[in-house]
1. In this structure, does Ser15 turn out to be free of Cβ contacts under 8 Å to residues at least 40 places away in the same chain and buried (at least 19 other Cβ atoms within 10 Å of the Cβ)?
2. Before we move on, is Ile88 free of Cβ contacts under 8 Å to residues at least 24 places away in the same chain and buried (at least 19 other Cβ atoms within 10 Å of the Cβ)?
3. Which of the residues that make up the range 277-294 are buried (at least 21 other Cβ atoms within 10 Å of the Cβ) and of a type in the set (A, V, I, L, M)?
4. Can you tell me how many residues within the range 158-204 are exposed (fewer than 12 other Cβ atoms within 10 Å of the Cβ) and more than 24 Å from the chain's Cα centre (by Cα)?
5. Here's a check for you: in the range 219-234, which residue that is buried (at least 16 other Cβ atoms within 10 Å of the Cβ) and not β-branched (Val, Ile, Thr) is farthest from Cys187 (Cα to Cα)?
6. Is at least one residue of the range 540-555 assigned by TED's automatic domain parsing to the domain that holds Val582, modelled with pLDDT under 95 and touching a Lys or Arg at 6+ places or on another chain (Cβ under 8 Å)?
Amino acid sequence: MKILLAAVNAKFIHSNPALYSLSAYAGEVVRPYIEIAEYTINNKTEEILADIYCRKPDVIAFSCYIWNIDIIKQLINELPKVLNDADIWLGGPEASNDADTLLKNYQMLKGVMIGEGEETFRQLAQRYCNGEKREIYDIDGIAYRDGEEVVFTGPRLPVDISKLPFLYDDMESFGNRIIYYESSRGCPYRCSYCLSSIDKTVRFRDISVVKRELKFFLDKKVKQVKFVDRTFNCNKEHALEIWKFLLKNDNGVTNFHFEIAADILDDDEIEVLSSMRAGLIQLEIGVQTTNPDTLREIRRISDMYRLKKNVGKLVKNRNIHIHLDLIAGLPFEDYESFVRSFNEVYAMQPNELQLGFLKVLKGSYMYEKAKDYGLNYTDMPPYEVLSTKWLTYDKLIGLKMVEDMLEIYYNSSQFVYTLPVLQSAFDSAFEMYEQLARFYRDNGYMLMTPSRIYRYQALLDFAMRKAREDRSITNSEALKDEGSGREISESKELYSQLLTFDLYLRENAKSRPEFVKDLTIYKRHIHDFYEKEERDRIYLPSYRGYDVKQISRMTHMEVFDYPVWEEDLCQRVKRSDKPYMVLFDYSERSPVTHAARFVVIDDFIGI
């Protein structure tokens, strides 16, 4: 007997903790008969089919989500043709909430495991291993087909999650992959778009067990542990105890990711978070919208004043990567309302702002209300919104283009010094991204995205178009006016140097774009600096043992006429009488932004 638990993940670095939990909970007697197979959506369906066939399973159980259900549907059509005696089972949210349709449409399915699966699968696996495959339909948490009728055996009671086995005793299967960890199940909130709202209770894993398991990750120096708790800090005592434990036992390497509600943070929690090593944790905060009518309609409790205040404290400390979420397509939010939400959330200055689009998930309250909201969404997964009573498809396409620009220019963290200065030329952040999206569309970049390096040039071209447009508004003879021409030239020089600084802050680029300053006249000065640094090690003490050539290759020197690194530059742009010499050290990077350390050299030789 072989039972194959199969997952099709979105990326190679992902793993499917559900499968490992099912296998571990099944028990020592059954576990030798269980095998786990993980694939990705980038694998061809025929490759997955062939691999499953070669494993020769008697039972195949797929973990189903919106990103993989289409592939799994293809597989359950083909598998009986090559493994006609294998029983096929489905589980996971995309199967649990559509069991009736799946069982009616796919006659080859044996059944669907609904809801929390550990105990259901344990009993199911025991029956198979005991040769009782025909006696499985008295197990709670199962849907199966009886003739033309779909039968549900009854709800499965929640398990005690403190009794769930630890999944990661053998770390070899998780090399170079994200480790997912669960310290609670359920969510106290009732957000209408989220399936977590179905579980009305929140259950916490025993804190002593959590600490022991987190210590294991710390001792192994795992790169990242991602908590899958839906609202990690819904219980202050639980969250604070874990955060204090991580602070005390920090190994200087491991990063922990949490999804939290920022508006319920208090001073005690913020104090602990603010004292953590830069890069120890990162926080994902779902804002979704700032429209109070929308928040009420989606049954989301959120104190926007406290949220903004607390996010501001966290961002100011600069030791935590802050990720904020927005959702487009929610009820009562039209284009203008979403623009306001965008600008308010953008002003919080997160490290990353995700502009997501509503997914109308089967089983959610939003799914039930779809007709009332005039919600049109795709029939195929991920069931993404196309239009609502408040938002047309035309406007939604525009938001999609803005999302692309946000990903390329803001969320990449590659333009953090250029964007604030450029934004000052627009009435709002959203207007900047909206016009940038149109610029991309007009130049054909939307269909053929520019290379990473050329995106700097594209942003410079966009900035200069904006500068020329602004000058033409204030001076109808701008192109003939000498003063206006000089201002345009100075704007180009400023933006070129901002982009140069942003470029070298992220990478020691060997190919210099056209807009960067010619350093020919400074080559001798730069070489003299490195010779002096080889002797004195004033700015690069960690480079002992390296000679001039090695140091110059491993670091970078750049010359600037503007103090482009100053945060208030857009308020007082002024060219310096003396060039600024900046050293970029790539051996030291911010754990939060990954930006290289830079030093302005005040005593640069000969300048």
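1. No, not satisfied.
2. no
3. Leu280, Ile281, Leu283, Ile285, Val287 - these are the residues of the range 277-294 that are buried (at least 21 other Cβ atoms within 10 Å of the Cβ) and of a type in the set (A, V, I, L, M).
4. Residues flagged as exposed (fewer than 12 other Cβ atoms within 10 Å of the Cβ) and more than 24 Å from the chain's Cα centre (by Cα) within the range 158-204 amount to 7.
5. Gln224
6. Looking through the range 540-555, at least one residue is assigned by TED's automatic domain parsing to the domain that holds Val582, modelled with pLDDT under 95 and touching a Lys or Arg at 6+ places or on another chain (Cβ under 8 Å).
Residue by residue, here is whether (1) buried (at least 16 other Cβ atoms within 10 Å of the Cβ); (2) closer than 22 Å to Lys359 by Cα; (3) of a type in the set (Gly, Ala, Ser) holds:
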position	(1), (2), (3)
Ala37	yes, no, yes
Glu47	no, no, no
Ser96	yes, yes, yes
Leu102	yes, yes, no
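Conditions (1) of a type outside the set (Ser, Thr, Tyr); (2) under 21 Å from Asp250 (Cβ atoms), marked per residue:
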| site | (1), (2) |
| --- | --- |
| Ile136 | yes, no |
| Ile142 | yes, no |
| Gly147 | yes, no |
| Tyr168 | no, yes |
| Thr201 | no, no |
| Lys223 | yes, yes |
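The values are calculated or read from the model by the stated rules, or taken from the named source; none is laboratory data. Worth saying up front: this structure is predicted, and the values here are computed from it rather than measured. Neighbour counts are summed over all protein chains in view; Cβ atoms, including those assigned to glycine, are modelled from backbone coordinates with ideal geometry.
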